[in-house]
Each structure stands twice: as C-alpha cells, then as structure tokens.
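Peer 1: I am attaching a structure below and will ask some questions about it afterwards.
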Amino acid sequence: MGPSKDIYTLAREPTETERLNAQHKQLISCIGYTLHPSIVATLPTAPKVAELATGTGAFIIDLAKELSPDAQLDGTDYSDAALPCQGQLPSNVRLGVADAKQAPPEESTGKYDVVCIRYINPAMMPEDWAKVAAHAAALLKPGGALQFAGMGDFTQVKTVLGEHPGAFTAVTERAGRLGLASLPHASWFVSNLFSVLVEAGFRDMRREVTTQDREPGSRSVFTKMSAGAIYALLRQQYLSKAERALGEEEVEEMRRGMDEEARKGMYMRCDLHQFVAWKKG
Ligand SMILES: C[S@@+](CC[C@H](N)C(=O)[O-])C[C@H]1O[C@@H](n2cnc3c(N)ncnc32)[C@H](O)[C@@H]1O
C-alpha cells in the first residue's frame, strides 16, 4: 500500500520549522516535563523510544538529553522537509521518513519501550486514529508506554478584563474560523481517544489537561505562535488555491490585524491534553 493522502494543511517551510521549534520549548515549559513522570518511572536503563510525526525532531532531541546515552531514539515524519540532517543529531537519535497511518515495518514491531506522538491531530481524520493507535501498539513491547499530546481548539480568544479593557478580538476570531476551516476534525481526539486506545489494546489510560495560559507571562508568546499557525493555514489555503481561500493581500492584512489586536491585549489559549497509556502485557 502506498503512503496515505497528505491532509496536513500547515505549510512545511523554514518559518514553520522555526515556529514549531519555538512552540516546542514553550509547551515543555508550560507542561513541565518532556516524558510523563509515570512513564519515566517505568523505563529500563537503555530505553528504546519512537516518536511518530516528529516534525523538526525538537522533542526527541531534547528527550535524548534526559535519558541515558545508551537509550535509542527513533523519530519519523511523513515528510523530511523539517528534519535536521543526521550530522546535527546526538549519536543515539535517528530521524527518518514514515507515514504513521501505514503499518510499521516488521523489523520495528515490538521493539520500543515508549512511543510518543505530539500534535499530529491537524493531520488526522476521525477514521485515522484507530490506525495510528494500532501502529503505536505494534511498535511497543508488551507493557510499553504511549504518550500522546494534542492541542484543543487554539483559537479560544480571550482578553483579560481589567488588565486590557477594550481589547478587540474580531480579526483574530475571523482569521481563526477561516484558518481552522481546513482542520475540521483537529479536536476529535479530545472526546474519543480513550475508546480508540482501548480498541488498540492499551490499558490504564490517563489524561492530564493543562492550559496554555496557565502562566500569564507566556500568554503573549503563545498568542504569537497561535497567530502564526493561523496565518500559516490561511497562507497555505491561498498557495494551494483552496476553495474560498482569501487572496494574498487579505491574508497579510489579517496577520497585521491579529498582531495589532495582540498588541492591545488580545490573547489566544487552548487546552493541552497529555494522554498516557500502557500496552497490555
Ligand atoms: C503540528 S506538527 C507537530 C510536529 C511535532 N510532533 C511537534 O510537536 O513539534 C505535525 C507534524 O505531523 C506530520 N504528519 C502529518 N501527517 C503525518 C503522517 N501521516 N505520518 C507521519 N507524520 C505526519 C507533519 O509532517 C508535521 O511534521
């Protein structure tokens, strides 16, 4: 079977690579850990970790610094556009191309202690989740752990009353609505992932939810990143000549409008969902 249809609607280009790397740092500081402490507690001394949809590899490269040098970390993504070259990687990290919606090769199955998947939800249709969960289970050893991270709707637009009375949100709300039109199922996992994981043979599922605006000091940074993501979506719609895409000038105008609203106190937030689960052993 060939690769699945690529429905990821964010562009893969240098500005996006930069945004994903910055977003990674910010998310880790907000969430408070790279690998969930309940998983760390079960790791063998030389764990094997796989990451699906690794993007720029930022997560797995950082994780390598926290694990023993004998750990093996393998990250894959549908596209190699954002992957750093092998020479820039720690010697125990390997990055390559693989489609998470396709069954993993036999030599990788049952090999890993941990599988991580973060923020693949923009590329998922409801029917894809069962496949990806089954592929994660196939990669794991019996008793191995899955960590999944996903964002809820990142266009929840707020102003902090009292702090910024009179801040406008209309441009950002409209841009968010238009941008997210190409990601209609991005939040599907929020209500459905537990049952998908049970079906795929996981047990002891846990979910931790935190919010991006937990630390007031990071609100403006997240807002900048979320506005950047909306801009990337709108731009990609324009570049791919999608139906009802805005024109280039309108997209740029929206970006300026979002920046202006952010300067005046608007901020965006979303819930950050961290799931952990163990493969039945
Ligand atoms: C929002 S980015 C997140 C990247 C990274 N996990 C992170 O947290 O920074 C989503 C990533 O999913 C990848 N992706 C989309 N569809 C995929 C698929 N079918 N298999 C593997 N990766 C996929 C994209 O290429 C992109 O790098």
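The values are calculated or read from the model by the stated rules, or taken from the named source; none is laboratory data. Values in this document were obtained by computation on a predicted structure and should not be read as measured data. In this analysis, Cβ positions are derived from the backbone assuming ideal geometry, glycine residues included, and neighbour counts consider all displayed protein chains.
Peer 1: Of the residues GLU51, GLU16, which single one is touching a residue at least 60 places away in the same chain (Cβ under 8 Å), in contact with a helix residue (DSSP H, G or I) (Cβ under 7 Å, 6 or more places away or on another chain), surrounded by 22 or more Cβ atoms within 10 Å (Cβ to Cβ) and among the charged types (D, E, K, R)?
Peer 2: Selected residue: GLU51, the only one of GLU51, GLU16 that is touching a residue at least 60 places away in the same chain (Cβ under 8 Å), in contact with a helix residue (DSSP H, G or I) (Cβ under 7 Å, 6 or more places away or on another chain), surrounded by 22 or more Cβ atoms within 10 Å (Cβ to Cβ) and among the charged types (D, E, K, R).
Peer 1: Return only the number of the condition from (1) more than 17 Å from the chain's Cα centre (by Cα); (2) within 16 Å of the ligand (Cβ to nearest atom) that ILE120 does not satisfy.
Peer 2: Of (1) more than 17 Å from the chain's Cα centre (by Cα); (2) within 16 Å of the ligand (Cβ to nearest atom), only one is false for ILE120: (1).
Peer 1: Here's another thing I want to ask about it. Please go through segment 168-180 and give me each residue that is more than 18 Å from the chain's Cα centre (by Cα) and over 15 Å from ARG269 (Cβ atoms), ordered by number.
Peer 2: Residues satisfying the conditions are PHE168, ALA170, VAL171, ARG174, ALA175, ARG177, LEU178.
Peer 1: What's the number of the condition ALA134 fails, among (1) within 24 Å of CYS270 (Cβ to Cβ); (2) small (Gly, Ala, Ser); (3) not in a loop (DSSP other than H, G, I, E, B)?
Peer 2: (1)
Peer 1: Out of all the residues in segment 93-115, which are part of a helix (DSSP H, G or I) and either at pLDDT below 95 or touching a helix residue (DSSP H, G or I) at 6+ places or on another chain (Cβ under 9 Å) (or both)?
Peer 2: Within segment 93-115, just SER108 meets the criteria.
Peer 1: Now, a different point. For segment 173-195, enumerate the residues that are of a type outside the set (S, T, N, Q), in a helix (DSSP H, G or I) and either surrounded by fewer than 19 Cβ atoms within 10 Å (Cβ to Cβ) or without any contact (Cβ under 8 Å) to a residue 12 or more places away in the chain (or both).
Peer 2: GLU173, ARG174, ARG177, TRP188, VAL190, PHE194
Peer 1: Right, another one. Name the single residue, out of those in segment 93-117 being among the acidic types (Asp, Glu) and more than 9 Å from the ligand (Cβ to nearest atom), that is nearest to the chain's Cα centre (by Cα).
Peer 2: Among those that are among the acidic types (Asp, Glu) and more than 9 Å from the ligand (Cβ to nearest atom), it is ASP113.
Peer 1: Could we say that GLU18 is within 13 Å of the ligand (Cβ to nearest atom) and either modelled with pLDDT of 95 or more or closer than 26 Å to ARG219 by Cβ (or both) here?
Peer 2: When the stated conditions are applied, GLU18 passes them.
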